[in-house]
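Worksheet: one structure, shown below.
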Amino acid sequence: MARRELTEINAGSMADIAFLLLIFFLVTTTMSTNTGMQRKLPPIEEHDEKPPEVIERNVMVVLVNKDNIIAIKGKPVSLDKITEKAKLFFSNPQGREDLPQVDYKEIPFFGKYPVSKGLVSLQTDRNTSYEKYLQVQNELVRSISELRNEKSKEKFGVSFDDLTEDQRDAVSKAIPLAISEAEPRRITNK
Amino acid sequence: MGKFSKGGKKNVPAISTASLPDIVFMLLFFFMTVTTMKETDLKVRISKPKATEVKKLENKNLVKYINIGPPINKYKAKYGNEAMIQLNDQFARVRDVGPWVNAERGGMDPANRAKMTTALKVDKTAKMGIITDIKQELRKAKALKITYIADKTTTDMFNK
């Protein structure tokens with residue numbers, strides 16, 4: 001009888017098949033992860049409640065008009081001055097009369113901490129460009145992140161991103177992200 | 001030295017390629033897990049704005065995209081050059097946003113519904129009018145977590 005050898009299955013083509021699959025997945029998928037600026041919309045009011053009384057010194061109105069000109073409290077400003085102005089507004093280091101009041105709140109790690117009552121109200125026209133709006137939004141968010149970073153460095157000695165979750169919560173409470181998206185009824189129609 | 005060289009012809013064995021498939025499969029699985037399938041073809045042109053204060057979108061399943069931008073060349077003749085809304089893979093009007101949010105939310109795991117984020121992927125040339133309208137619709141639909149899609153940049157925007 002002829003000697004029968006158990007021949008091994010040639011696995012060489014397996015690699016080709018796997019490569020084919022790999023290339024298929026490479027072309028049909030996207031690797032790019034999207035990044036975005038996270039914001040929260042205010043819930044819609046169910047009843048016609050009277051809006052809470054607004055104290056003028058507590059609100060900084062940032063207006064971007066249809067020609068993309070930025071104005072803070074009615075005065076035109078350039079984009080690179082916004083962060084600075086917003087930081088001064090939120091922190092009010094000298095306790096000035098024309099800048100926001102503070103509200104003493106009990107916050108872990110900080111104890112009784114003077115939380116700013118300041119609120120930035122960002123208003124736009126229907127013809128404002130989205131890019132400009134996002135840039136202004138970015139500058140405002142940046143002012144908050146910088147303040148939080150400074151606070152964390154002062155209190156914990158590390159930057160905001162390196163804090164533990166509890167510490168981060170506390171700092172976020174001490175320096176809230178108080179940027180309001182304008183109610184559309186206040187927006188002028190074209 | 002005879003100690004090291006053996007006499008006679010010596011065959012160099014072929015390098016075994018048996019482990020090659022394993023390596024390739026490993027690569028394959030890596031790509032399968034880190035990538036996502038292209039779900040929609042964009043019908044609107046979106047050139048993303050740049051910003052510095054952006055975060056990575058964490059859980060892809062919780063993010064639903066609203067694309068806003070001028071129609072691509074193919075649809076220009078039909079729809080003009082004004083920014084339009086694209087939901088999933090079709091054009092939509094502002095009043096379709098609310099029902100779409102509810103439908104998308106309904107299709108999610110009940111435990112995750114509150115965590116849904118609506119991502120506004122907007123062309124930078126778009127006007128705020130349409131954005132404001134959409135934000136109003138989202139507020140009505142109680143989809144309050146939004147994110148403005150932007151590319152991360154490290155340079156200050158006013159230096160350019």
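The values are calculated or read from the model by the stated rules, or taken from the named source; none is laboratory data. No experiment lies behind these values; they were computed from the predicted model shown. Positions of Cβ are backbone-derived with ideal geometry, glycine not excepted, and every protein chain shown enters the neighbour counts. Ligands, DNA and RNA are stripped out before the accessible areas are found, and what is left, the full protein with its side chains, is counted by its heavy atoms. Shrake-Rupley method; radii C 1.70, N 1.55, O 1.52, S 1.80 Å.
General observations
- Here residue B:149 meets each of (1) open to solvent by 10 Å² or more (accessible area, probe 1.4 Å); (2) of a type in the set (A, V, I, L, M, F, W, C); (3) closer than 14 Å to residue B:67 by Cβ; (4) within 14 Å of chain A (Cβ to nearest Cβ) with one exception, condition (1).
- Any pair with Cβ under 8 angstrom, 6 or more apart, that starts in the stretch A:63-78 at a residue that is open to solvent by 50 Å² or more (accessible area, probe 1.4 Å) and ends at one that is of a type in the set (Phe, Trp, Tyr): A:78/B:158
- Residue B:109 vs. criteria at pLDDT below 90 and open to solvent by less than 60 Å² (accessible area, probe 1.4 Å): no
- Number of residues in the stretch B:121-137 that are open to solvent by 10 Å² or more (accessible area, probe 1.4 Å) and within 7 Å of chain A (Cβ to nearest Cβ): the value is 6.
- Inter-residue pairs, beta-carbon under 6 Å, first closer than 22 Å to residue A:88 by Cα and in the stretch A:150-164, second assigned to a loop (DSSP other than H, G, I, E, B) and open to solvent by 100 Å² or more (accessible area, probe 1.4 Å), 6+ apart: none
- Wholly within the stretch B:59-160, strands (runs of 3 or more DSSP E) carrying at least 3 residues that are touching a residue at least 12 places away in the same chain (Cβ under 8 Å), at positive phi and over 22 Å from the mean Cα position of the chain (by Cα): none
- Subset of the stretch B:107-123 [more than 23 Å from residue A:37 (Cα to Cα) and of a type in the set (D, E, K, R)]: B:109
Quick grid of which residues meet (1) open to solvent by 60 Å² or more (accessible area, probe 1.4 Å); (2) aliphatic (A, V, I, L, M); (3) within 30 Å of residue A:147 (Cα to Cα):
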| position | (1), (2), (3) |
| --- | --- |
| B:21 | no, no, no |
| B:32 | yes, yes, no |
| B:35 | no, no, no |
| B:46 | no, yes, no |
| B:56 | yes, no, yes |
| B:68 | no, yes, no |
| B:83 | no, yes, no |
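- Residue within the stretch B:64-74 that is among the aliphatic types (A, V, I, L, M) and within 14 Å of chain A (Cβ to nearest Cβ) present: yes
- Screening residue B:52 against (1) more than 20 Å from the chain's Cα centre (by Cα); (2) buried (at least 18 other Cβ atoms within 10 Å of the Cβ) leaves a single unmet condition, (1).
- Criterion applied to B:48, B:60, B:6 was being modelled with pLDDT under 85 and either of a type in the set (Gly, Ala, Ser) or more than 26 Å from residue B:142 (Cβ to Cβ) (or both), and the one residue passing it is B:6.
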